[in-house]
Amino acid sequence: MLVPIESICVVPAEPDNDLKFAASYATEEINHMSGIRPFIADPTLIPNSRYSIIIAWHNEDNCPSQDSYVLSFKETSTTISSRSKRGLLFGIGRFLRNSPMKSACLEIPERLDLQATPSSLIRGHQIGYGKLSNSMDSWTTTQFDRYIRDLIMFGCNGIEIEYKPNPSPHHTLPFDEMATEISRIATRYDLDCTLWIPNLGDESHYINPISSKHELNSRKSFFSILEKISAITIPGGDPGKLRPKTLFPWVERLTKQLELCGYSQAAWISAQWMEADSAWNNDFLELANQKPIWLRGIVHGPWTQLSIPELRQQLRDDLPIRRYTDLTHCIFCQYPVPDWDLAHAMTAGREPINPRPRAYKHIHNLYFADTSGSTPHTTGVNADINTFVWLDQEWDSTLDVRDTLRDYARVFLDTAMENDFPESILALERNWEGPLIANNEVDETLERWKKLEKSANSDVAHHWRFQSPLLRAYYDAYIHRKLIRDKEIEKQITDYLPPNEKRKAIKRYLTHQKETYADPTTTELRQNCVMLSEELYKSIGLKSSVQKHGAAHKGRGAFMDAIDESLNDSKWLAHQIETTTSIESELERSKSMRSILNRNELGKGGIYDNLGTPDQIGQVVNPVDIKYDPTGLSGSRSGFGIAMDGMPRSQTVEIKEHEGQPIPMAWLTCVEAIYHTPLILFYEGLDDSKAYDLHIVYPSRIGKKAKLIANKEFVIHDWIKTGDKAPMSFIIPIGIIQKGKLELQWIGGGERGIQVAELWITPQ
């Protein structure tokens, strides 16, 4: 039923301040979506000629939770009712999601009644205003208010303020003032407001009477300026380095400061710890299970060494688990993109625009039964799609992600896109599946988005929620074509040119690589990426460049700084070939050139393995399929040796011998296992009668110590430091290989795990 907005009135059923607030909220949201604001009618004077949206209280019979709501549709009215103020706001959100905007009308369903109760008690969202945010550190209070209202539309019932007070050059207000404003906004909409506040000092700081008292006073001062604090959240690590026997008493002291400020003694503690340390886990669980009066529950986040089911099994039943899900990162994170192509990792990096709706629905539902909800982590709007998909799953985990994406398009963009937008987002997710060079769907995805771009009205075309995925579509297509071109050039240089011409050719390529993409189509793709990235910076503060936008560093969403990254071995080849120029003999120089160009060639019976790539030879032995263990806690996963935090985005690994030098691209991919989990690779077809040389490249990003055992018994090397040189060489003696089979098992020591990038197994 199409109802002109001009003929709608919103009616608080009683002269009640909260009902009046909800009625005003409804008119504001309709006005925001349409540009037309319905008027608010007195309940005793409802014009018969108008369609009424009635805002009313509801008894508990059909509203078992304070977040529940009831929608009742009639021919001349719709009633939205709940037992709480925020429940009314959730009901209004659902009404508007069910009543798409068409021109100046609402398409209101006929004969539809709906009672809705969320599956999860906690459906929060963390707000990051610190200098490491890739966008929100630029926001105004108006932008935060708008975003929180958008979250409410999808059932968010809590805001968590990330306490990172270091000033950002982009701040519109000092941190303390903005935190105060955000807490006021949360209070206005009857949302829970928690505070994520890490401990950055060492053990002695929190034990020392003088320094700890100073810290308590500082925290109390901050607590006192906030409008509302429902609870505080304390990470055990990332950041933080307190042992549990120091952490728990300290948090208790913090909650007493909360009480002095008029709030409840309430805290959540996260089980995050960034080193493999069984003693830390054991102490943490023991203290948590004592359930002090102030402890509301345990948070499971990145670098928690137990899976959610394992944590649930080891905690008392009456101690809830809240998820701190990382929705924003793609590598070096809680849920990395599985088997991600190296070209994507080198360019898109750790914090790109990353809609992964199907992946996050799967991850959500894997562990849903063991948790009470979540307050996910994002670093800004790059994970916007994931945020709203996750919220919908917390309300109802049976929802198809297409339904969420359809509502997302209806509410935030244009009803006309409600069918094409979901499929276009899902196509973006598929862009990241499998080897990029063979993914012909990337160009098809771009064509989808170009059609949407062509049909979009001016408001939508310049809306950040449309421009963000559009930028990803152009970016993926450009990188896809660039990868094909880079590999073609590398092949021409290595396969066809005579040795004395190769050095000149590589130098020429590196000097003029931008000119190699001068065809109009490819140039246009890049220009569109630049244009969209600039518009997104101006509209929403998305910082995709360090130099242009002041991104915190290259690992914080600065993917535009990597758009021209070389996607072949040209840098390494140029460096290696340069070392041959001092060889006087042309014969020896050519011989040295051949050894560089054919570094992976083996004699008869040898094995070369480029780990973490589609061409990997060794079979990874995992007790649990990565699909059911997306963190990789039970087995191993593909990964990268790329150093992202403020260092060059590619061609760099954390190996001292090669510091500052280009390296082979094969060193950038790896197989990794985290914490105490062993990394196991299996090979067959070897010769039992021979000894073998074993050469290994350890990237050493997540661990600096390793032990290697062959066929469960023979120690190839005991604990060694892995971050000094590569490759490292060892021997597999005669008698170790049995029936042609070789199992290699690595164990990481005392850190976050073990990575292996490349290996050679060659008969002596």
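Laboratory data are not the source of any read-out in this text; all were calculated from the coordinates shown. All values reported here derive from a predicted model rather than from experimental measurement. Neighbour counts are summed over all protein chains in view; Cβ atoms, including those assigned to glycine, are modelled from backbone coordinates with ideal geometry.
Once you've got the Cα coordinates, tell me which of Lys451/Lys538; Lys707/Lys739; Lys538/Lys627; Lys591/Lys707 are over 27 Å apart.
Working: Lys451/Lys538 25 Å; Lys707/Lys739 24 Å; Lys538/Lys627 39 Å; Lys591/Lys707 36 Å.
The answer is Lys538/Lys627; Lys591/Lys707.
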Global geometry of the stretch 122-401, whether rounded, prolate or oblate, following the gyration tensor of its Cα atoms and the 1.5 cut on a/c:
rounded
Largest-first principal axis extents of the Cα set of the stretch 695-743 (Å):
35, 17, 14
Filter Lys571/Lys704; Lys20/Lys74; Lys548/Lys705; Lys454/Lys491 down to the pairs with a C-alpha to C-alpha distance above 29 Å, please.
Lys548/Lys705; Lys454/Lys491
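Write down the Å³ per residue value for the convex hull defined by the alpha carbon atoms of the stretch 1-69. Numbers along the way, then the final one.
On the way: hull volume 7.9 nm³, N = 69.
That works out to 114 Å³ per residue.
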From the C-alpha gyration tensor of the chain, square roots of 5λ in Å:
50, 33, 23
Just to confirm the number: angle between the C-alpha axis of helix 420-430 and the first principal axis of the chain, 0 to 90 degrees, nearest 10?
30 degrees
Of Ala271, Phe730, Val389, whose Cα points farthest to the positive end of the dipole of the chain (charges on the beta-carbon: +1 Lys, Arg; -1 Asp, Glu; origin at the Cα centre)?
Phe730
Backbone HN-Hα couplings from phi across the stretch 294-307 [Karplus 6.51/-1.76/1.60, Hz, Gly and Pro as x]
7, 7, 7, x, 10, 9, 9, x, x, 6, 7, 7, 10, 5
Can you list the residues, at least 5 places off or on another chain, whose amide H is less than 5 Å from the amide H of Ile159, using H built in the peptide plane?
His125, Asp192, Cys193, Thr194
Under a cut-off of 24 Å between alpha-carbon atoms, report the lysines in cross-link reach of Lys256, not counting same-chain residues fewer than 8 places apart.
Lys164, Lys213, Lys220, Lys228, Lys241, Lys245, Lys291
In sequence order, calculated HN-Hα J values of the stretch 181-188 (Karplus, 6.51, -1.76, 1.60; Hz; x Gly/Pro)
5, 5, 5, 5, 4, 4, 5, 4
Dipole check, the stretch 186-230, charges on Cβ (K,R +1; D,E -1), about Cα centroid: among Ser211, Ala186, Ile225 the Cα furthest to the positive pole belongs to Ile225
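Considering Cα pairs under 8 angstrom that are at least six residues apart, work out the relative contact order of the chain and quote it in whole percent. Could the numbers behind the result be given before it?
Values: 1563 pairs, mean separation 71.0, N = 764.
9 percent.
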Residue-averaged [θ]222 nm for the chain, counting only DSSP H segments that reach four residues, each worth -39500 (n - 2.57):
-11500 deg cm²/dmol
When the Karplus curve 6.51 cos²θ - 1.76 cosθ + 1.60 is applied with θ = phi - 60°, which whole-Hz ³J(HN,Hα) does each residue of the stretch 570-577 get, with x for Gly and Pro?
4, 5, 5, 4, 4, 5, 5, 5
Computed Rg/Rh for the stretch 236-384 (Cα atoms; Rh = Kirkwood radius) stands at 1.01
One quarter of the C-alpha convex hull surface, i.e. the mean projected area of the stretch 2-116 in nm², amounts to 6.2 nm²
With Cα atoms, 0 to 90° folded angle of helix 278-288 axis to the chain main axis
10 degrees
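Counting GluC sites (Glu not before Pro) as exposed when in a DSSP loop with at most 13 other beta carbons within 10 Å, what is the longest stretch of the chain free of them? Before the final figure, lay out the partial values.
Working: sites that count: Glu60, Glu75, Glu110, Glu584, Glu601, Glu659, Glu684, Glu713.
By the stated rule (loop sites, at most 13 other Cβ atoms within 10 Å), 111-583.
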Treating only the Cβ of Lys, Arg, Asp and Glu as charged (+1, +1, -1, -1), what charge dipole size does the chain show about its Cα centre? Round to the nearest 20 debye.
1000 debye
In whole percent, the Cα-Cα distances of the stretch 240-307 spread across 10 Å bins from 0 upward as 20, 52, 23, 4
If amide H atoms are modeled at 1.01 Å from N in the peptide plane, then the residues at a separation of 5 or more from Asn610, or on another chain, having amide H under 5 Å from its own are Ile617
Any chance you could check the Cα centroid distance between the stretch 684-731 and the stretch 290-348 for me, in angstrom?
31 Å
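Quick check on the stretch 303-418: take the gyration tensor over C-alpha atoms, sort the square-rooted eigenvalues as a ≥ b ≥ c, and tell me if it's rounded (a/c under 1.5), prolate or oblate. Show your work: numbers first, answer last.
On the way: a/c = 2.38, a/b = 1.25, b/c = 1.90.
Here the stretch 303-418 falls in the oblate category.
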Taking Cα centroids, how far is the stretch 528-550 from the stretch 35-77 in Å?
42 Å
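Given +1 on the Cβ of Lys and Arg, -1 on the Cβ of Asp and Glu, and no further charges, what dipole in debye does the stretch 449-488 carry about its Cα centre, rounded to the nearest 20? Don't skip to the end; give the middle numbers.
On the way: 9 positive and 5 negative charges, 24 e Å.
Around 120 debye, computed over the stretch 449-488.
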Kindly give the semi-axes, whole Å and largest first, of the ellipsoid equivalent to the stretch 587-733, taking each as the square root of 5 times a Cα gyration tensor eigenvalue.
25, 22, 15
Placing unit charges on C-beta atoms (Lys and Arg positive, Asp and Glu negative, everything else neutral), compute the dipole magnitude of the stretch 601-763 about its Cα centre in debye, rounded to 20.
240 debye
Between 0 and 90°, nearest 10: helix 85-98 axis offset from the chain longest Cα axis:
70 degrees
